[in-house]
1. If a residue has to be farther than 24 Å from Leu2 by Cβ, free of Cβ contacts under 8 Å to residues at least 24 places away in the same chain and away from the ligand (no atom under 16 Å from the Cβ) to count, how many in segment 63-90 make the cut?
2. Considering only residues that are more than 9 Å from the ligand (Cβ to nearest atom) and more than 12 Å from Asp73 (Cα to Cα), which ones fall in segment 24-41?
3. Take the conditions hydroxyl-bearing (Ser, Thr, Tyr), within 11 Å of the ligand (Cβ to nearest atom) and surrounded by fewer than 20 Cβ atoms within 10 Å (Cβ to Cβ) and apply them to Tyr44. Does it pass?
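What follows draws every value from the coordinates through simple rules; no lab data is involved. Just so it is clear, the structure is predicted and the values come from calculations on it, not from any experiment. Every residue, glycine as well, gets a Cβ built from its backbone with ideal geometry; the counts of neighbours run over all protein chains shown.
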Amino acid sequence: MLETGIDIIEVARIKKSIQASDRFKKRIFHPNEIDYCKSGSTEYQHYSARFAAKEATRKILLSYLPNNILKWDSIWIENEKNGKPIIKFSEEILKKINIINCSVSLSHIKELAIASVVMEFEIIKN
Ligand SMILES: CC(C)(COP(=O)(O)OP(=O)(O)OC[C@H]1O[C@@H](n2cnc3c(N)ncnc32)[C@H](O)[C@@H]1OP(=O)(O)O)[C@@H](O)C(=O)NCCC(=O)NCCS
């Protein structure tokens with residue numbers, strides 16, 4: 001399968017949810033993402049771009065995998081040394097799909113964040 005997913009989000013919406021509840025932050029974001037996002041004036045832009053990346057990836061995988069294994073913190077972004085983002089998946093997801101290629105791109109401004117994902121993968125038949 002070769003699939004593409006995209007998502008756009010208002011930074012103010014994510015900022016409001018995070019500020020309202022620490023539980024929201026911990027339920028949605030992987031600890032490595034929280035570490036990456038927490039500093040600086042663009043904190044909520046980083047969180048929002050990651051939220052958009054999760055949504056874009058879920059759009060791809062929801063047609064193939066049950067919703068209960070596509071938990072928010074089972075799909076997360078890490079950044080390579082040069083800043084390039086990559087998507088990481090939980091073991092539970094990796095037991096169900098074999099990822100051949102996966103590419104993500106993030107962009108954010110003060111008000112909006114966007115993520116685009118391209119994935120080539122096959123379903124692992126048990
Ligand atoms: C990478 C770059 C194109 C980002 O463009 P921008 O208009 O400033 O910002 P955008 O909002 O569009 O994109 C930001 C996202 O680009 C992504 N990005 C950063 N470096 C990247 C790279 N080398 N390759 C691909 N994507 C990259 C990140 O996901 C970042 O968001 P995040 O920090 O929340 O993960 C720009 O910063 C650039 O040209 N940098 C030159 C290299 C550099 O200075 N690197 C510094 C780290 S060593």
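1. Going residue by residue through segment 63-90, those that are farther than 24 Å from Leu2 by Cβ are 68, 71-73, 79, 81-83.
If we keep only those that are free of Cβ contacts under 8 Å to residues at least 24 places away in the same chain as well, we get 68, 71, 81-83.
Imposing the further condition that a residue be away from the ligand (no atom under 16 Å from the Cβ) reduces the set to 68, 71.
Qualifying residue count, segment 63-90: 2.
2. Asp35, Lys38, Ser39, Gly40, Ser41, listed by residue number.
3. Working: hydroxyl-bearing (Ser, Thr, Tyr): yes; within 11 Å of the ligand (Cβ to nearest atom): yes; surrounded by fewer than 20 Cβ atoms within 10 Å (Cβ to Cβ): no.
In short, no.
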